[in-house]
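**Q** One structure, as structure tokens, below. Some questions next.
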Amino acid sequence: MHSFHYQDGSLHCEGVDLQSLADQHGTPLYVYSQATILDHFRRLDSAMSELDHLICYATKANSNLAVLNLLAKEGAGFDIVSGGELQRVERAGGDPGKCTFAGVGKTRAEIELALRKGIYCFNAESEAEVAFIDQVAGELGVKAPVALRVNPNVDAHTHKYISTGKSENKFGIDFETIREAYARAAALPNVTVRGLQMHIGSQLTSSGPFIEAVEKVAPLVAHLKETYGIEFFSIGGGIGIVYQDSLASGNTGWWDAKEDAEKPLTIEEYAARLVPLLKPLGLRILLEPGRYMVGNAGVMLTRVLYEKKGSVKTFKIVDAGMNDLIRPALYQGHHDIAPLREPGADGATEMVDVVGPVCESGDFFAQNREIPATAEGDCLALLSSGAYGFVMASNYNSRALPAEILVDGEKAHVIRKRQTFEDLIAGEEIPG
């Protein structure tokens with residue numbers, strides 16, 4: 001699942017002591033495991049080997065150039081949602097011809113860029129968008145490859161902010177009107193209908209919603225293949241990861257597996273259930289995983305600044321804030337919190353709120369959480385922070401962005417320098 005473990009009393013990423021990274025590079029600090037990212041890609045690629053398939057990594061999950069380069073060298077395609085992400089992919093060595101361009105609000109400049117770069121396909125989210133792509137393509141004298149995104153109205157049973165496959169969500173075209181939408185798209189002079197796309201949501205931890213969606217959409221896929229000769233069916237991403245996990249820690253007892261721990265949806269189960277449904281379609285199958293690839297591959301390190309004991313709660317105030325990792329504030333997202341020094345055999349714990357320095361009541365990483373006893377100056381790791389972590393960070397409160405580190409075995413590479421104050425104000429001007 002990941003490459004983080006206690007070794008010689010200290011939490012390691014692969015062969016590197018995380019405390020040494022915190023001491024050398026400061027905190028907050030993001031650290032990623034190269035081995036974990038590659039393992040997840042290769043396992044999914046192998047599990048889908050019976051199918052003609054392409055894994056298009058969802059760039060928005062973690063768009064650092066080094067991460068994109070790793071996956072590009074493995075032969076990955078990329079699911080992008082902006083012109084900036086397309087340029088990142090190309091800068092990292094990725095092939096625009098293996099990119100699908102999603103998102104409900106593509107601009108003229110983004111459409112023109114994607115057409116000039118020769119992307120594999122636009123995943124169009126509305127008929128108005130298809131008409132505009134047709135107009136722009138005509139002005140450039142090219143044919144635009146397009147797949148419509150169907151909204152199958154399947155409940156993914158996930159957080160409302162990351163559910164995308166129901167009728168009330170802003171994404172895709174209603175299942176009831178999608179055939180007519182294809183007929184109109186196919187009649188446009190500057191559009192080539194290349195495939196069909198769907199994506200029902202993120203952080204799915206059971207195969208049921210995937211099965212329901214594929215079974216519902218498969219007859220539509222067969223119709224589109226026969227009528228328009230589509231060449232691919234994209235089933236989206238959404239494979240969930242474990243955020244509440246056990247972390248091997250010798251005999252301390254604190255990280256022993258919990259009876260109510262999350263059970264991951266394994267790639268083996270995912271493929272075993274889906275491949276038999278997809279194979280008879282006789283099409284190329286696209287997958288768009290993001291969180292699955294990088295979520296468990298990253299941690300964010302932070303240092304305890306102060307302990308504040310109140311009449312009701314004890315607060316551990318750390319140097320990372322919601323601007324560095326917003327998931328707990330935005331999604332009520334859970335991240336296990338582990339000390340970098342392995343807890344003692346006595347298993348001493350304390351009930352605390354772990355909070356940051358940002359001036360918002362929502363600036364917390366855990367509330368009423370039992371964690372190993374920690375003192376001021378100790379460092380903690382927020383696990384499973386590789387996806388939607390740094391990539392959603394901001395400069396709120398004029399806080400500089402953290403550095404990012406990629407670990408490869410016993411080597412640690414700085415893949416993003418810590419932002420300086422001069423970086424922070426670059427581009428700002430005081431009128432003369």
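**Q** Got a sec? Which of VAL354, VAL318, VAL312 is over 13 Å from THR374 (Cα atoms) and not hydroxyl-bearing (Ser, Thr, Tyr)?
**A** Numbers: VAL354 fails: over 13 Å from THR374 (Cα atoms); VAL318 fails: over 13 Å from THR374 (Cα atoms).
When all the criteria are applied, what remains is VAL312.
**Q** Hey, could you check the stretch 113-145 for residues that are small (Gly, Ala, Ser) and touching a Phe, Trp or Tyr at 6+ places or on another chain (Cβ under 7 Å) and say which is nearest to THR192 (Cα to Cα)?
**A** Going residue by residue through the stretch 113-145, those that are small (Gly, Ala, Ser) are 114, 118, 124, 126, 128, 131, 137-138, 141, 144.
From what's left, touching a Phe, Trp or Tyr at 6+ places or on another chain (Cβ under 7 Å): 114, 144.
Values: ALA114: 15, ALA144: 6 Å.
The qualifying residue nearest to THR192 (Cα to Cα) is ALA144.
**Q** Restricting to the stretch 199-216, give me the number of residues that are modelled with pLDDT of 90 or more and touching a Ser or Thr at 6+ places or on another chain (Cβ under 7 Å).
**A** Summing the residues that are modelled with pLDDT of 90 or more and touching a Ser or Thr at 6+ places or on another chain (Cβ under 7 Å) in the stretch 199-216 gives 1.
**Q** Is it true that GLU112 is touching an Asp or Glu at 6+ places or on another chain (Cβ under 9 Å), in a helix (DSSP H, G or I) and in the same structural domain as ILE241 (by TED's automatic domain parsing)? Explain how you work it out, then say what you get.
**A** Details: touching an Asp or Glu at 6+ places or on another chain (Cβ under 9 Å): yes; in a helix (DSSP H, G or I): yes; in the same structural domain as ILE241 (by TED's automatic domain parsing): yes.
Considered against the rule, which asks whether it is touching an Asp or Glu at 6+ places or on another chain (Cβ under 9 Å), in a helix (DSSP H, G or I) and in the same structural domain as ILE241 (by TED's automatic domain parsing), GLU112 comes out as yes.
**Q** Now for a different question. If you take the residues in the stretch 394-432 that are of a type in the set (A, V, I, L, M, F, W, C) and loosely packed, with under 12 Cβ neighbours inside 10 Å, which one is farthest from ASP363 (Cα to Cα)? Spell out the reasoning first.
**A** So the first thing to find is which residues in the stretch 394-432 are of a type in the set (A, V, I, L, M, F, W, C), and the list is 400-401, 403, 405-407, 412, 414-415, 421, 424-426, 430.
Keeping just the survivors that are loosely packed, with under 12 Cβ neighbours inside 10 Å gives 421, 425-426, 430.
Values: PHE421: 22, ILE425: 23, ALA426: 26, ILE430: 31 Å.
If we take residues in the stretch 394-432 being of a type in the set (A, V, I, L, M, F, W, C) and loosely packed, with under 12 Cβ neighbours inside 10 Å, then ILE430 is farthest from ASP363 (Cα to Cα).
**Q** Considering only the stretch 293-312, how many residues are out of contact with any His (no Cβ under 6 Å at 6 or more places or on another chain) and in contact (Cβ under 8 Å) with a residue 60 or more places away in the chain? Give the steps one after another, and end with the answer.
**A** Let us first name the residues in the stretch 293-312 that are out of contact with any His (no Cβ under 6 Å at 6 or more places or on another chain), namely 294-295, 297-312.
With the extra rule that they be in contact (Cβ under 8 Å) with a residue 60 or more places away in the chain, the set shrinks to 294-295, 297-307.
Selection size over the stretch 293-312: 13.
**Q** Going by what's in this entry, would ASN151 be described as among the polar types (S, T, N, Q), buried (at least 16 other Cβ atoms within 10 Å of the Cβ), assigned by TED's automatic domain parsing to the domain that holds THR177 and in contact (Cβ under 8 Å) with a residue 40 or more places away in the chain?
**A** So ASN151 passes the test.
Conditions (1) at pLDDT below 95; (2) of a type in the set (A, V, I, L, M); (3) farther than 21 Å from SER385 by Cα, marked per residue:
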position: CYS56; (1), (2), (3): no, no, no
position: LYS73; (1), (2), (3): no, no, yes
position: GLU85; (1), (2), (3): no, no, no
position: VAL89; (1), (2), (3): no, yes, yes
position: ALA102; (1), (2), (3): no, yes, yes
position: GLU110; (1), (2), (3): no, no, yes
position: ALA124; (1), (2), (3): no, yes, yes
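**Q** Turning to a different aspect of this structure: Looking only at the stretch 57-112, which residues are within 20 Å of GLN197 (Cα to Cα), of a type outside the set (Asp, Glu) and in contact (Cβ under 8 Å) with a residue 60 or more places away in the chain?
**A** Matches in the stretch 57-112: TYR57, ALA58, THR59, LYS60, ALA61, GLY77, THR100, ALA102, VAL104.
The values are calculated or read from the model by the stated rules, or taken from the named source; none is laboratory data. Remember, predicted model here, so these are calculated numbers, not experimental data. Positions of Cβ are backbone-derived with ideal geometry, glycine not excepted, and every protein chain shown enters the neighbour counts.
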